[in-house]
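S.K.: Before we start, here is the structure in question, set down as structure tokens.
The values are calculated or read from the model by the stated rules, or taken from the named source; none is laboratory data. Bear in mind the structure is a predicted one, so any value in this text is a computation, not a measurement. Quick reminder, even Gly has a Cβ in these numbers, built from the backbone with ideal geometry, and neighbours come from all protein chains shown. When the accessible area is computed, the model is the full protein with side chains, heavy atoms only, and any ligands, DNA or RNA have been set aside. Shrake-Rupley method; radii C 1.70, N 1.55, O 1.52, S 1.80 Å.
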Amino acid sequence: MVFLTRWFGVTESDADRDPAREKADIEAIVEKSLLMQANAAAKQQRSLCRGTHAKGVCARAQFEVFDLIIGREPALARRLAQGLFAKPDAYPAVVRFANADASVNSDFKPDVRSLSFSVGLAREDTEGPDAKPSRQDFSMQNATTLPINDSPAFLATISVMTASNPVRALWSLPFRDKLRVVRTLALAEIQARQAIKPYQQLRYWSTVPFRHGPTDVVKFSAIPLLDNPARPLQKGNPKGLQDELARHLKEDGKMSGFDFAVQFLDVERMTYWGKHCEADFWIENASVEWNAAEAPFHTVARLTLLPSSQLSPEEGEAVYFDVTGNATPDSTPVGSINRARWPAEVASRKARAHAGGQCSAVR
């Protein structure tokens, strides 16, 4: 099975990868990402929105880091207590719940949902040359993996999606790139066909790996508390998810919370189709799941929404998230997709700022 998935773009080792090609791939990905962003705006006759996750809603929250010594073996506690999680504390946060599509659609169109948030780390006494980063950003989706495996799959897929004739563009690709696109689109369709639930009742995953201190690599998950309140969604309302979250923030006495958990990359325990793989395999293949039965999640913090804290549309437009640019040294992203998406996200953000218009949520 490992041999078969290699044909569809899953890379087993560095021998399957082409590092020299990556820079050119990323430059092309940036160009195609800007084209996709512009095409979505032109098709809907609106100003530029975000390149992905175009439709969303922002609010304020609190991010509370727990005392990780309590109830844990000392070795695990030390392993968990890295960077932002080194000591118990509470930080202000800004969250954005969104739909993944580059277009502004009805909330009931099948799609992946996202939770992105920024944790404010700045203190009054942290200014000067030794000051630490002022924030730590996280970007998560209600799927365990990304359907796009790596930069070659990213470029092949976005080339097809932005082509004037996608079928012709697909057939013009080299055979293995065809297989990469087919696999990517199939996984994306499966992920989008999840049951539609209120944003505050979904579980989210980082889908891609990050450093956790000097030696470990991890993925993250935001797990909704079982008693997060929500009312039945109004399926005739194209803004049903947004409006339900706004109602929750304004009316409910209890605010929703998410346990924030860390999953360690553990090559001794993790397997792919029954086979143990090197760390690079798990880091470079964004579409390969880290089985939680083999690598369990450990709760380290809690994200809690604040009442009556929804940001205005204008404030929400100014919010952005950058998991590479806004990362402490202990939490930098790793892997092919993380290297590829950062320049595209920065270019998309600059294009939106240059356009100067407000993304109009017409659907």
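S.K.: Tell me yes or no: at least one residue of segment 332-343 is over 30 Å from ALA15 (Cα atoms) and open to solvent by less than 70 Å² (accessible area, probe 1.4 Å).
M.R.: No, because not a single residue in segment 332-343 is over 30 Å from ALA15 (Cα atoms) and open to solvent by less than 70 Å² (accessible area, probe 1.4 Å).
S.K.: Further question: Any chance you could count how many residues in segment 284-321 are in a loop (DSSP other than H, G, I, E, B), under 28 Å from MET270 (Cβ atoms) and among the β-branched types (Val, Ile, Thr)?
M.R.: 1
S.K.: Follow-up. Residues in segment 225-233: is at least one on the phi > 0 side of the Ramachandran plot and assigned to a loop (DSSP other than H, G, I, E, B)?
M.R.: Among the residues of segment 225-233, not one is on the phi > 0 side of the Ramachandran plot and assigned to a loop (DSSP other than H, G, I, E, B), which makes the answer no.
S.K.: Now for a separate question. Being crowded, with 17+ Cβ neighbours inside 10 Å and in contact with a Leu (Cβ under 7 Å, 6 or more places away or on another chain) is the filter here, so list the residues in segment 163-190 that pass it.
M.R.: Across segment 163-190, the qualifying residue is only VAL181.
S.K.: Here's something else I'd like to know. So which residues in segment 139-162 are part of a strand (DSSP E or B), more than 15 Å from LEU187 (Cβ to Cβ) and open to solvent by 10 Å² or more (accessible area, probe 1.4 Å)? Before you say what the answer is, go through the steps one by one.
M.R.: We begin by selecting, within segment 139-162, every residue part of a strand (DSSP E or B); these are 139-141.
Next, from what is left, pick out any that are more than 15 Å from LEU187 (Cβ to Cβ): 139-140.
Within segment 139-162, just SER139 meets the criteria.
S.K.: Could you grab the pairs with beta carbons closer than 8 Å, sequence gap of 6+ or different chains, first residue in segment 193-214 and over 15 Å from LYS235 (Cα atoms) and part of a strand (DSSP E or B), second one among the small types (Gly, Ala, Ser) and open to solvent by 10 Å² or more (accessible area, probe 1.4 Å)?
M.R.: Short answer, once both residue conditions are applied: PHE210/ALA327; HIS212/GLY83.
S.K.: Looking only at segment 172-192, count every residue that is over 19 Å from the mean Cα position of the chain (by Cα) and in contact (Cβ under 8 Å) with a residue 40 or more places away in the chain and tell me the total.
M.R.: 5
S.K.: Now a separate question. Go through segment 271-307 and give me each residue that's open to solvent by 20 Å² or more (accessible area, probe 1.4 Å) and either charged (D, E, K, R) or over 28 Å from GLU12 (Cβ atoms) (or both).
M.R.: Result: LYS275, GLU278, ASP280, GLU284, GLU289, GLU294, HIS298, THR299, ARG302, THR304, LEU306, PRO307.
S.K.: Which one is farthest from PHE175 (Cα to Cα) among residues in segment 5-39 that are touching a Lys or Arg at 6+ places or on another chain (Cβ under 7 Å) and surrounded by fewer than 16 Cβ atoms within 10 Å (Cβ to Cβ)?
M.R.: ASP16
S.K.: Next question. How do the helices (runs of 4 or more DSSP H) wholly within segment 1-80 filter down when requiring 2 or more residues that are under 23 Å from GLN141 (Cα atoms) and touching a residue at least 24 places away in the same chain (Cβ under 8 Å): which remain?
M.R.: Helices (runs of 4 or more DSSP H) meeting the threshold: 19-43.
S.K.: Also: Can you tell me which residues in segment 106-122 are under 20 Å from the mean Cα position of the chain (by Cα) and open to solvent by 30 Å² or more (accessible area, probe 1.4 Å)?
M.R.: LYS109, PRO110
S.K.: Let me ask another. Identify the residue in segment 38-67 that is modelled with pLDDT of 95 or more and touching a Leu at 6+ places or on another chain (Cβ under 7 Å) and, among all such residues, is farthest from PHE117 (Cα to Cα).
M.R.: My answer is VAL65.
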